[in-house]
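**Student:** Take this structure first; my questions come after.
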Amino acid sequence: MATSIPQRAALHHGIDYKWIALSNTTLGILIAAINGTSLIIALPAVFRGIHVNPLAPGATGLLLWVLLGFNVATTILLVAFGRISDSYGRVKLYNLGFAVFTVGSILLSLTWGLGTAGEWQLIIFRFVQGIGGAFLFANSSAILTDAFPSNERGFALGLNQIAGIGGAVIGIVVGGLLATVSWRAVFLINVPFGILGTIWAFIALRESGRERPPLRMDWPGNITFALGLLGVLLGLTYSIEPYKTYSTGWHSPFVLTSLIGGLVLLVAFVIIENYSSDPMFNLSLFKSRAFSAGNVAGLLGAVARGGLMFMIIIWLQGIWLPIHGVSFAHTPLQAGIDTLPQMVGFLLAGPLSGRLSDRFGARWFGMAGMVLSALGFFLLNTLPVIFPYWSFAFYLFLIGAGMGLFASPNSAGIMNSVAARYRGVASGMLSTFMNAGQMLSMGVFFTIVITVLTTRLPHALFKGLVRVHLPVAVAAKISHLPPISALFSALLGYNPMKVILGPAGLALLSPSSRAQVVSRFFFPDLIARPFMHALSVVFLFAMGMSLIAALASVLRGEHFVFVDEEAAKPAGVDRRHVQMLALAGIWKARHGAREGASAEERSRLVRALTLLKMVDERLQEAVNNTEAR
């Protein structure tokens, strides 16, 4: 079998290149995942460090941008960076991604502003990190697809995605530990790994050696796509923030304008790309069922699971853990530990389904994974508010195993369905659908929960506050405050009642009533029934999305691997040239056909004929694949 240039270079040093590619891209996914969850756990320490109360009136928007700025920057740039990488080299821009991510981490650790200025610096530097992340995510799947043969890609992508899940769990522990040392250390921990990854990628990774299409920048397509997606993400982000007397932002002119304007620009993007001579994204890729159904399934799967962990964490941190004796300040770390079964399920199912899907295709593994996840959501919906932990852990394990069964086969099926020259932009589109689905999931899940709490929580909160002798007028006013501050305070590990009442409200209570209100039991008792009703709607919605994703996975068709002549041949070799050489060899060895020819002459003729036959078979295979497509 012919060996590509990167593989020959790596084998020269005694290591198969594909394992170098896998280990380096896995490092990139790992540090990005650690970066995300470690920040969530360390946010209280970060905000104390820059002297900001993230739950003060009007501060929720900046809190959301600190949390989501990385994802927004990454999502809007993925496809464009994938297209650029297809032309300028995936490895070059992957290296650049490591470097930019590292610079962003250094800037975050050096944040010098205080108050709102410091918060804006965090947001800007998170965007810098996100630009680096876009280069990493847009190219990691493409680099793995280049390095691994089609019968090993599911396994490789499965291991790569396990790093993302494992990194998310490691980040919870790392964030909790580093926050006790210094909030700057939470960002600084990324730097040595980023430097290592940059140097390692520069030294060890190699371009595939295949001819790259020239880049003619499609400015109308790039601008409409970026602005359209940005508008949708802005609308979703601010939709969960209160607007005037409304508990959510869906009545805000800014939210509606952002969403509608973003959707109009995305429609314009599709029209522009259909008429562009050199489009940013070749929409004809969606004519492939394997590509289009795989991306739809990935989007729906991301919608089903994207906001799940936030809901589970609020359930644990706001209700279950305090009732079981954990102080609000310690709930974030404990909640991360309690959700480990989901990661274990993913770890066990991901590599196995990836390996099996390499042989049998992604169709039925993707379907089975999403059906199993739907079953997990259904079972979570049957739990009482105070549940036995092992039942909860088993249901999370089922969801994790289902996502593991689905993720790597789905990614491999999408990447296998495109020609080599489109792998960068296909990888970018795959990640874009997943990131956008997660953002959409958060918007939908929080909207559902806030809407239900708005109708059910005020009465429960009013009765509870009057019971501890808070003045009726004050209790009535506080009970109608938007519930978003209570949710975020639980998410960040603050005592929700201290946030809701504030120092002024607590001062109106007697010492015994004050102690009762800020105890570990008062808030969980008030919010339990309304929150569980909201959570039931969320779980049923996630179950529905999972079942539709399962149907989309079935519609992708049978196992399909795109084989084109360019991808199949070694770099710099044209089979027609080899065919001419074989014919020349036959002419030169023609004396082997004579009667009485020597054994050596006959052997030369047989070798030349065998070479010609092999080349003809490969050419015919390429023609058949083209006709089949």
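The values are calculated or read from the model by the stated rules, or taken from the named source; none is laboratory data. Because the structure is predicted, anything quoted here is derived from the model rather than measured. Note that we place each Cβ from the backbone using ideal geometry, even for glycine, and neighbour counts take in every protein chain shown. In case anyone asks, the SASA skips ligands and DNA or RNA and just uses the protein heavy atoms, side chains included. Shrake-Rupley method; radii C 1.70, N 1.55, O 1.52, S 1.80 Å.
**Student:** Whether any residue in segment 149-168 is small (Gly, Ala, Ser), in contact (Cβ under 8 Å) with a residue 12 or more places away in the chain, more than 19 Å from Met434 (Cα to Cα) and open to solvent by less than 10 Å² (accessible area, probe 1.4 Å) is what I want to check.
**Tutor:** no
**Student:** Would you say Ala393 is touching a Pro at 6+ places or on another chain (Cβ under 7 Å) and free of Cβ contacts under 8 Å to residues at least 60 places away in the same chain?
**Tutor:** Yes.
Let's see how each residue does on (1) open to solvent by less than 20 Å² (accessible area, probe 1.4 Å); (2) modelled with pLDDT of 90 or more:
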position	(1), (2)
Leu234	no, no
Thr237	yes, no
Glu241	no, no
Gly298	yes, yes
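**Student:** Could you list, in sequence order, the residues of segment 519-538 that are surrounded by fewer than 16 Cβ atoms within 10 Å (Cβ to Cβ) and not in a helix (DSSP H, G or I)?
**Tutor:** Residues satisfying the conditions are Ser519, Phe521.
**Student:** Tally up the residues in segment 465-477 that are crowded, with 18+ Cβ neighbours inside 10 Å and closer than 25 Å to Thr451 by Cβ, please.
**Tutor:** Count: 2.
**Student:** Got a sec? Which of Gly197, Gly176 is under 30 Å from His330 (Cβ atoms) and either open to solvent by 30 Å² or more (accessible area, probe 1.4 Å) or of a type outside the set (Phe, Trp, Tyr) (or both)?
**Tutor:** Residue meeting the stated conditions: Gly176.
**Student:** If you check Ile271, Ile199, which single one turns out to be over 30 Å from Ala42 (Cβ atoms) and among the hydrophobic types (A, V, I, L, M, F, W, C)?
**Tutor:** Being over 30 Å from Ala42 (Cβ atoms) and among the hydrophobic types (A, V, I, L, M, F, W, C) holds for just one of Ile271, Ile199, which is Ile271.
**Student:** So which of Ser408, Ser427, Ser431 is over 19 Å from Phe286 (Cα atoms) and assigned to a helix (DSSP H, G or I)?
**Tutor:** After ruling out the rest, the residue left standing is Ser408.
**Student:** Of all residues being among the aromatic types (Phe, Trp, Tyr) and not in a loop (DSSP other than H, G, I, E, B) in segment 382-404, which is least open to solvent (accessible area, probe 1.4 Å)? Just the residue, please.
**Tutor:** Step by step, filter segment 382-404, then rank; the result is Phe392.
**Student:** With respect to Ala362, is the statement that it is surrounded by fewer than 23 Cβ atoms within 10 Å (Cβ to Cβ) and in contact with a helix residue (DSSP H, G or I) (Cβ under 6 Å, 6 or more places away or on another chain) true?
**Tutor:** no
**Student:** Would you check which residues across segment 42-67 are open to solvent by 10 Å² or more (accessible area, probe 1.4 Å) and within 21 Å of Trp112 (Cα to Cα) and list them?
**Tutor:** Matches in segment 42-67: Pro44, Ala45, Arg48, Gly49, His51, Val52, Asn53, Ala59, Leu62, Trp65, Leu67.
**Student:** Right, here's the next one. Could you tell me whether segment 407-430 includes any residue that is under 23 Å from Ile170 (Cβ atoms), within 16 Å of the chain's Cα centre (by Cα) and open to solvent by 40 Å² or more (accessible area, probe 1.4 Å)?
**Tutor:** Taking every residue of segment 407-430 in turn, none turns out to be under 23 Å from Ile170 (Cβ atoms), within 16 Å of the chain's Cα centre (by Cα) and open to solvent by 40 Å² or more (accessible area, probe 1.4 Å).
**Student:** Between Leu453, Leu457, Leu491, which is over 30 Å from Phe225 (Cα atoms), assigned to a helix (DSSP H, G or I) and at pLDDT below 85? Outline the logic, then answer.
**Tutor:** Details: Leu453 fails: at pLDDT below 85; Leu457 fails: at pLDDT below 85.
On inspection, the qualifying residue turns out to be Leu491.
**Student:** One residue is enough: does segment 558-580 have a residue meeting the conditions at pLDDT 75 or above and surrounded by fewer than 18 Cβ atoms within 10 Å (Cβ to Cβ)? Show your work before the answer.
**Tutor:** To start, the set of residues in segment 558-580 that are at pLDDT 75 or above comprises 558.
Restricting the remaining residues to those that are surrounded by fewer than 18 Cβ atoms within 10 Å (Cβ to Cβ) gives 558.
There is at least one residue in segment 558-580 that is at pLDDT 75 or above and surrounded by fewer than 18 Cβ atoms within 10 Å (Cβ to Cβ).
**Student:** Could you grab the pairs with beta carbons closer than 7 Å, sequence gap of 6+ or different chains, first residue in segment 79-94 and closer than 14 Å to Asn282 by Cβ, second one among the hydroxyl-bearing types (Ser, Thr, Tyr)?
**Tutor:** Qualifying pairs under 7 Å: Val79/Thr432; Gly82/Ser427; Asp86/Tyr422.
**Student:** Among the residues of segment 92-148, which ones are open to solvent by 10 Å² or more (accessible area, probe 1.4 Å) and under 19 Å from Arg423 (Cβ atoms)?
**Tutor:** Correct list: Lys92, Leu93, Asn95, Leu96, Phe135, Phe137, Ser141, Asp146.
**Student:** Taking segment 244-258 on its own, how many of its residues are open to solvent by 30 Å² or more (accessible area, probe 1.4 Å) and either modelled with pLDDT of 85 or more or assigned to a loop (DSSP other than H, G, I, E, B) (or both)? Full working, then the answer.
**Tutor:** First, pick out the residues of segment 244-258 that are open to solvent by 30 Å² or more (accessible area, probe 1.4 Å): 244-246, 250-251, 253-254, 256-257.
Of the ones still in play, those that are also either modelled with pLDDT of 85 or more or assigned to a loop (DSSP other than H, G, I, E, B) (or both) are 244-245, 250-251, 253-254, 256-257.
Selection size over segment 244-258: 8.
**Student:** Given (1) under 21 Å from Val425 (Cβ atoms); (2) small (Gly, Ala, Ser); (3) touching a Pro at 6+ places or on another chain (Cβ under 8 Å), identify the lone condition not met by Gly158.
**Tutor:** Result: Gly158 passes all but (1).
**Student:** Contact list please: Cβ distance under 7 Å, first residue in segment 242-262 and closer than 14 Å to Thr451 by Cβ and without any contact (Cβ under 8 Å) to a residue 60 or more places away in the chain, second residue of a type in the set (Gly, Ala, Ser) and buried (at least 20 other Cβ atoms within 10 Å of the Cβ), pairs at least six apart or on different chains.
**Tutor:** Tyr243/Gly249; Gly249/Ser239
**Student:** Can you tell me which condition Gln516 does not meet? The list is (1) open to solvent by less than 30 Å² (accessible area, probe 1.4 Å); (2) in a helix (DSSP H, G or I), and all the others hold.
**Tutor:** For Gln516, the exception is condition (1).
**Student:** Another question, if that's okay. Say we look at segment 478-506 and pick out the residues that are in contact (Cβ under 8 Å) with a residue 60 or more places away in the chain and hydroxyl-bearing (Ser, Thr, Tyr); which of these is most open to solvent (accessible area, probe 1.4 Å)?
**Tutor:** Per the stated criteria, the residue is Tyr494.
**Student:** Looking at (1) open to solvent by less than 10 Å² (accessible area, probe 1.4 Å); (2) touching a residue at least 40 places away in the same chain (Cβ under 8 Å); (3) farther than 30 Å from Arg363 by Cβ, which is the only condition Arg206 fails?
**Tutor:** Unmet for Arg206, out of (1) open to solvent by less than 10 Å² (accessible area, probe 1.4 Å); (2) touching a residue at least 40 places away in the same chain (Cβ under 8 Å); (3) farther than 30 Å from Arg363 by Cβ: (1).
Let's see how each residue does on (1) open to solvent by less than 50 Å² (accessible area, probe 1.4 Å); (2) aliphatic (A, V, I, L, M); (3) part of a helix (DSSP H, G or I); (4) touching a residue at least 24 places away in the same chain (Cβ under 8 Å):
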| residue | (1), (2), (3), (4) |
| --- | --- |
| Val326 | yes, yes, no, yes |
| His330 | no, no, yes, yes |
| Pro341 | yes, no, yes, yes |
| Leu348 | no, yes, yes, yes |
| Asp358 | yes, no, yes, yes |
| Gly369 | yes, no, yes, yes |
| Phe377 | yes, no, yes, yes |
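**Student:** So, in segment 433-464, of the ones that are among the β-branched types (Val, Ile, Thr) and open to solvent by 10 Å² or more (accessible area, probe 1.4 Å), which residue ends up farthest from the chain's Cα centre (by Cα)?
**Tutor:** Thr455
**Student:** May I ask you to say which residue of Trp320, Trp315 is assigned to a helix (DSSP H, G or I), open to solvent by 10 Å² or more (accessible area, probe 1.4 Å) and under 27 Å from Ile172 (Cβ atoms)?
**Tutor:** Working: Trp315 fails: open to solvent by 10 Å² or more (accessible area, probe 1.4 Å).
So the residue among Trp320, Trp315 that is assigned to a helix (DSSP H, G or I), open to solvent by 10 Å² or more (accessible area, probe 1.4 Å) and under 27 Å from Ile172 (Cβ atoms) is Trp320.
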